[in-house]
Amino acid sequence: MCGGSRLAFSGRRTLLLGENALGTPMTISRLLALRNVDQRSQMAARLIGLFASLLFATSAFGSDVDVFVVDRDGQHVADVAVYAVRLDGQNDLPTPTAGAIMDQIDRQFVPHLLVVQTGTPVEFPNSDTVAHHVYSFSHPNKFILPMYKGQQHAPVTFEHSGVVSLGCNIHDHMLGYILVVDSTAFTKTDANGHALLSLESAEEYAINIWSPRIRDKVKFLSKTLVVSGNPNAEITFSLAKKLNPSHPEGASWSDYKY
Ligand SMILES: [Cu+2]
């Protein structure tokens, strides 16, 4: 089972601070009834720690969102893009300061799925000894990098959000994806189907997921989250439809519809 380890951790930590050594909840009246000065000072310190912990939780940890993706059999789904988009219309994003890399290794795109913010320059180095001819027909992010080895082409900057499907004219089995998002808060699920997003507090967000393996309708792949008053949120996407085969098992364009 995939539990919210981070959520569970912070919740447990808060509980411990409010408990005595036996795990029994400690009230103020019981605290005052303690005769031992050391016990009282220890408990006072724990209460101070509790208040400090709560303050810390609303500032530093107030925006952590645990996202889980499970398939229809309850299995974790790795390598799923997870990103958040503000719903208050204020989506002015800073210009990306760093580029990204979509490598070509052993006649595969590496990583298979890359997530970048809109406006990010992406390099396509060819680390193989054979030449590749990389292209995408994904409107409006079409591009072609004529046959090359090494790093002969300038980075490609993706100015439009959406899915960019990658292919190679020489090797038909080469499949890759770049998901361009209007967000600075994006990541992918790990082997446990878990992703952690850190968001600004007091905002309403759409939490979205995407993977070429997912066949559920898009409307089921977005959930609204209000961060305010929801300091450590957990969201689980339970997919209803059978997944497309994972790459390279299903290494054919016909397995995908993107
Ligand atoms: Cu190739």
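Read-outs: derived from the displayed coordinates by stated rules, not from any lab. Keep in mind that what you see is a predicted model, and the values were worked out from it rather than measured. Cβ atoms come from the backbone with ideal geometry, glycine included; neighbour counts cover every protein chain shown.
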Self-check item: trypsin sites (Lys or Arg not before Pro) restricted to DSSP loop in the range 62-159 with at most 11 other C-beta within 10 Å
Solution: K142
Practice problem: Obtain the radius of gyration and the Kirkwood radius of the range 64-252 from its C-alpha atoms and give Rg over Rh. | Solution: 0.98
Quiz item: If you place +1 on the Cβ of every Lys and Arg, -1 on the Cβ of every Asp and Glu, and leave all else neutral, what size is the dipole of the range 64-252 about its Cα centre, to the nearest 20 Debye?
Solution: 660 debye
Quiz item: Taking amide hydrogens as modeled 1.01 Å from N in the peptide plane, which residues meet the under 5 Å criterion relative to L175, leaving out close sequence neighbours?
Solution: F109
Quiz prompt | Loop-located chymotrypsin sites (Phe, Trp or Tyr not before Pro) in the range 119-203 whose Cβ has at most 14 other Cβ within 10 Å (DSSP) | solution = F137
